[in-house]
Each structure stands twice: as C-alpha cells, then as structure tokens.
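S.K.: Provided herewith is a single structure, encoded as structure tokens, for subsequent inquiry.
The values are calculated or read from the model by the stated rules, or taken from the named source; none is laboratory data. On a predicted model such as this, the values are computed, not experimentally measured, just so you know. In case anyone asks, the SASA skips ligands and DNA or RNA and just uses the protein heavy atoms, side chains included. Shrake-Rupley method; radii C 1.70, N 1.55, O 1.52, S 1.80 Å.
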Amino acid sequence: MTYAPIHIAAHWRTALALVLMIGTGLAYSYDLADGWSMTLHQIAGQALISLIAARLIARIIVKPRAKPTD
C-alpha cells in the first residue's frame with residue numbers, strides 16, 4: 001500500500017505535536033520552565049486532537065492506493 005501525501009504529512013505533524021506535548025509536559029512537571037510551558041502544552045494538545053480527527057476523516061474519505069504490480 002502507498003499512502004497519499006496528505007496522510008504522510010498528517011502523520012508527521014501528529015508526531016511533532018506529540019513530541020512537543022511530551023517536552024512541554026516534562027518541562028512543566030520538573031519546573032524547568034515557567035507557566036508558558038503549560039500553555040504551550042495545552043495548545044499542542046488541542047492541535048493534536050484536531051489533527052487526529054482530521055486524520056480519521058481523511059482516512060475514511062481517501063483510501064490508500066494499491067501498490068503497482070510489476
């Protein structure tokens with residue numbers, strides 16, 4: 001199976017948001033940053049929820065292409 005570029009881009013954006021959430025969550029819990037890290041953590045969480053919903057909708061609408069057989 002090969003995936004559409006929209007699925008690949010959504011995958012990497014989701015991964016980036018997840019890494020951002022982990023980093024800001026750890027920074028806040030270990031007092032490595034001020035309150036801005038919690039704000040960034042919350043924004044990343046909202047973005048992650050939106051990205052996951054968009055990925056699910058795109059997955060339902062756009063089916064993966066079959067690999068060409070040679």
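S.K.: Probe of 1.4 angstrom, ligands and nucleic acids ignored: what's the accessible area per residue over the chain, in square angstrom?
M.R.: 78 Å²
S.K.: Using θ = phi - 60° and the Karplus curve 6.51 cos²θ - 1.76 cosθ + 1.60, what whole-Hz ³J(HN,Hα) does each residue of segment 26-38 get, with Gly and Pro shown as x?
M.R.: 5, 4, 6, 5, 9, 6, 8, 9, 7, x, 4, 5, 5
S.K.: What number do you get for the chain when its Cα radius of gyration is normalised by 2.2 N^0.38 Å, N = residues?
M.R.: 1.48
S.K.: Return the carbon/sulfur percentage of the accessible area of the chain, one whole number, probe 1.4 Å, all protein chains in place.
M.R.: For the chain, the apolar C and S fraction of the accessible surface comes to 70 percent.
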